[in-house]
Amino acid sequence: MASLFAPVRHSYRYLQRQAHEQPVIFFSCIIGLAGPVLLVAVPPLRERLGYKAIERPPTTYPRAYILFSMTSDEADSTSVPKRARVPVTGYEDE
C-alpha cells in the first residue's frame, strides 16, 4: 500500500526542494498544473455567474446551389435584406 502513494510523495518532495533551490521550476510546475484545472472549473463558473456566449459569426457565404435548392421562404431568410438602401454621404472628394 505504501508503494501506491510513493509517486505522490516523491513528487511532493521534489516540488518542495525545487521551491527552495530553483523557484522558477517550482512555479512552472504550478502554472502547468493550473491549466487543466481551470479548463474544467471555468465554464461552469461562467454559466453560474450569468455569462452568455455571443452568437458565432458565419464562416461561409450561402452558395447559389444551396439557395436554388431551398424554398422561397428559406431563401429569403438567407439572402440580402429587402429594405430601402440609403446612399452614403460625406465621403465625396471635393
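Any idea how far apart Tyr91 and Leu38 come out in nm if each label point goes 7 Å out from Cα toward Cβ?
Going by the 7 Å Cα→Cβ label model, 4.0 nm.
Output needed for the range 6-48: three equivalent-ellipsoid semi-axes, defined as square roots of 5 times the C-alpha gyration tensor eigenvalues, in descending order, whole Å.
Taking √(5λ) for each Cα gyration eigenvalue gives 28, 13, 6 Å.
For the ranges 30-38, 12-20, what's the packing order if you count other beta-carbon atoms within 10 Å of each residue, average per peptide, and put the highest first?
Ranking the peptides 30-38, 12-20 by packing returns 12-20, 30-38.
Go through the range 10-61 and name the GluC sites (Glu not before Pro) that are in a DSSP coil and have 10 or fewer other Cβ atoms within 10 Å of their Cβ.
Taking the range 10-61 and a limit of 10 other Cβ atoms within 10 Å, the loop GluC sites (Glu not before Pro) found are Glu55.
Coordinate-derived values only; no laboratory data. Note that this is a predicted model, so its numbers are computed, not measured. Here Cβ is always computed from backbone atoms with ideal geometry, including for glycine, and neighbour counts include all displayed protein chains.
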